[in-house]
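Participant: Just passing along the structure, written as structure tokens.
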Amino acid sequence: MSLIKAIHHVAIRCCGIDSYIKAVSFYTDVLGMSVIRSWGSAESSACMVGSGSCILELYASGTKPIERNRLIHIAFETDDVDECIRRVKAAGCDVLHEPNDRDIPSKPPLPIRMAFCYGPNGEEIEFFSLR
């Protein structure tokens, strides 16, 4: 029996207060998540944003940007992959893969709709729904 029930949260260290403010705005204003709790001030600001059982912990205390491809991606389950990408584009973030339908060749096969973008701090984000 596993001791692990689920992923509780993913933490992102933003590159300073301006990057932190941009990240909080992206996850709340663009993707519709809510600030669950926050603490600290200025360069020591931090918060948790969430939606359902998904929580991201954001920190302002970083001194350098996230290196792309260090964190593979954060996958968000959604009912509307296309709307997520529309909002991401409107926010000026880069889209890596437009929405598309795939069948993951697992046993049994898993029919999905997916898309990828970069978040405001270089984190790769997947939007994922079952079809």
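The values are calculated or read from the model by the stated rules, or taken from the named source; none is laboratory data. Given the structure is predicted, the values throughout are model-derived calculations rather than measurements. For the accessible areas, the whole protein counts, side chains as well, though only heavy atoms, and no ligand, DNA or RNA atoms are used. Shrake-Rupley method; radii C 1.70, N 1.55, O 1.52, S 1.80 Å.
Participant: Between Rg and the Kirkwood Rh of segment 6-54, both from Cα atoms, what is the Rg to Rh ratio?
Facilitator: Values: Rg = 10.8 Å, Rh = 11.3 Å.
We get a ratio of 0.95 for segment 6-54.
Participant: Which number gives the lysine pairs in the chain that have C-alpha atoms under 25 Å apart and are eight or more places apart or on different chains? Please report the intermediate quantities before stating the final value.
Facilitator: Working: Lys5/Lys107; Lys22/Lys64; Lys22/Lys89; Lys64/Lys89.
For the chain, the number of qualifying lysine pairs is 4.
Participant: Right, here's the next one. If you project the alpha carbons of segment 71-131 onto their three principal axes, what span does each projection cover, largest first, in Å?
Facilitator: Sorted from largest, the Cα extents of segment 71-131 read 37, 24, 15 Å.
Participant: If you line up the long axis of helix 81-90 against the longest principal axis of the chain, both from Cα atoms, how many degrees apart are they, to the nearest 10?
Facilitator: Its long axis makes an angle of about 40 degrees.
Participant: Would you work out what percent of the accessible area of the chain, with all protein chains in place, is carbon or sulfur (probe 1.4 Å)?
Facilitator: Values: 4350 of 8100 Å².
Exposed carbon and sulfur together represent 54 percent of the surface.
Participant: Let me ask something else about it. Once the whole set of protein chains is in place, how much accessible area is left on Ser38, using a 1.4 Å probe, in Å² to the nearest 10?
Facilitator: Rounded to the nearest 10, that gives 80 Å².
Participant: In Å², what does the accessible area per residue of segment 68-131 work out to with a 1.4 Å probe?
Facilitator: 61
Participant: Okay, next question. Per the Debye formula with a single identical scatterer at each Cα and no solvent contribution, what log10 I(q)/I(0) holds for the chain at q = 0.16, 0.17, 0.20 Å⁻¹?
Facilitator: For the chain at q = 0.16, 0.17, 0.20 Å⁻¹, log10 I(q)/I(0) is -0.84, -0.93, -1.21.
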